[in-house]
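The values are calculated or read from the model by the stated rules, or taken from the named source; none is laboratory data. Note that the coordinates shown come from a computational prediction; the quantities given were computed from them, not determined experimentally. Here the Cβ positions follow ideal geometry from the backbone for every residue, glycine too, while neighbour counts run over all protein chains shown.
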Amino acid sequence: MEFPVIDPVAIAIGPLKVHWYGLMYMIGFAAAWWLGTVRAKAPNSGWTRDQVSDLVFYGAMGVILGGRLGYVFFYNFSKFLADPVWLFKVWDGGMSFHGGAIGVLVAFALFARKTDKRFFTVADFMVPMVPIGLATGRFGNFINAELWGRTSDVPWAMVFPTDPDRLPRHPSQLYECLLEGVVLFIVLWVYSAKPRPAGAVTGLFGVGYGAARTFVEFFREPDAHIGYLAGGWLTMGMLLSIPMIILGIAMMVWAYRTDDRQAMAKG
């Protein structure tokens with residue numbers, strides 16, 4: 001199956017060009033804002049429309065700054081050492097989810113401090129909206145014909161124009177769009193619809209994303225300059241995602257145990 005012909009430029013007005021990849025980020029942030037305002041309207045939500053807008057802005061800065069720093073330090077540190085200025089050449093591409101996740105957590109902490117809210121009050125409110133941005137971002141990767149999968153003979157395998165070998169490969173960007181985006185969003189949105197112990201929703205996000213990303217890494221082609229890290233199967237994506245599963249499980253156990261102790265104390 002040949003990759004569909006898609007112009008990476010969505011809108012071009014003279015010298016001004018808006019790429020689909022950037023547009024996907026904008027759609028993700030807009031969707032997070034809209035969903036956040038919907039939740040904020042619920043009785044006794046503890047959130048205002050302005051707070052949601054500010055939180056999305058903080059989150060966007062965390063995604064962009066953390067994502068870039070994460071890509072540079074996790075995936076291409078040698079290039080940074082050879083050319084430190086490359087860190088600022090964002091037009092050359094290169095964003096890391098795990099770096100973006102760290103950036104978002106820092107943004108949540110700063111926002112919590114500014115608004116005098118607890119960290120997990122902020123994180124548990126916002127993380128159910130995050131998978132929408134992951135879905136749009138991965139679809140942007142697909143449009144750019146980047147981060148494609150390993151070679152395969154499945155009927156839906158695609159030949160990507162950016163692949164110099166012109167081999168049929170898993171469209172792993174779409175797998176990630178579905179699992180890390182659509183499926184994880186549904187799970188988190190339904191789970192967070194009812195009151196949960198502080199930290200439980202954030203913990204479930206870590207488990208869900210880590211599991212989805214680790215699974216898809218078996219179909220995704222490792223970065224060419226990194227390859228496999230150990231045993232011919234471990235990738236950098238797995239190395240960064242497996243700890244998320246462990247930490248997420250630990251957070252959920254801690255959240256429910258803490259909630260049980262508080263309930264017993266009140267009883």
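Figures for the structure shown
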item	result
Criterion: touching a helix residue (DSSP H, G or I) at 6+ places or on another chain (Cβ under 8 Å) and of a type in the set (Val, Ile, Thr) - qualifying residue of Thr202, Thr162	Thr202
Those residues of region 38-47 which are surrounded by fewer than 16 Cβ atoms within 10 Å (Cβ to Cβ) and in a helix (DSSP H, G or I), in sequence order	Val38
Residue that is modelled with the lowest pLDDT [pool: residues in region 74-91 that are farther than 27 Å from Asp124 by Cβ and touching a helix residue (DSSP H, G or I) at 6+ places or on another chain (Cβ under 7 Å)]	Val90
Filter pass, Ser53 being part of a helix (DSSP H, G or I) and either within 27 Å of Gly103 (Cα to Cα) or free of Cβ contacts under 8 Å to residues at least 24 places away in the same chain (or both)	yes
Pairs, first among the aliphatic types (A, V, I, L, M) in region 217-236, second crowded, with 17+ Cβ neighbours inside 10 Å and part of a strand (DSSP E or B), C-beta under 9 Å, six or more apart	none
Those residues of region 110-153 which are on the phi > 0 side of the Ramachandran plot and free of Cβ contacts under 8 Å to residues at least 60 places away in the same chain, in sequence order	Asp116
Every residue from region 57-72 that is closer than 16 Å to Thr121 by Cβ and touching a residue at least 60 places away in the same chain (Cβ under 8 Å)	Gly59
Which numbered condition Asp50 misses (of (1) surrounded by 14 or more Cβ atoms within 10 Å (Cβ to Cβ); (2) modelled with pLDDT of 90 or more; (3) not β-branched (Val, Ile, Thr))	(1)
Where His98 falls short, out of the listed (1) of a type outside the set (Gly, Ala, Ser); (2) over 16 Å from Val127 (Cβ atoms); (3) in contact (Cβ under 8 Å) with a residue 12 or more places away in the chain	(2)
Unique residue being of a type in the set (A, V, I, L, M) and in contact with a Gly (Cβ under 8 Å, 6 or more places away or on another chain) when the list is Val207, Val182, Val201	Val207
Set Ala212, Ala265: member being part of a helix (DSSP H, G or I), of a type in the set (A, V, I, L, M, F, W, C) and at pLDDT below 95	Ala265
Residue that is farthest from the chain's Cα centre (by Cα) [pool: residues in region 108-134 that are small (Gly, Ala, Ser) and either at pLDDT 95 or above or not in a helix (DSSP H, G or I) (or both)]	Ala112
Verdict on Leu174 being under 15 Å from the mean Cα position of the chain (by Cα), closer than 21 Å to Asp7 by Cα and assigned to a loop (DSSP other than H, G, I, E, B)	no
Matching entry among Leu179, Leu167, Leu184, Leu188 (being out of contact with any helix residue (DSSP H, G or I) (no Cβ under 8 Å at 6 or more places or on another chain), at pLDDT 95 or above and hydrophobic (A, V, I, L, M, F, W, C))	Leu167
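Quick grid of which residues meet (1) exposed (fewer than 15 other Cβ atoms within 10 Å of the Cβ); (2) of a type in the set (A, V, I, L, M); (3) touching an Asp or Glu at 6+ places or on another chain (Cβ under 7 Å):
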position: Ser96; (1), (2), (3): no, no, no
position: Phe108; (1), (2), (3): no, no, no
position: Arg138; (1), (2), (3): no, no, yes
position: Ile143; (1), (2), (3): no, yes, no
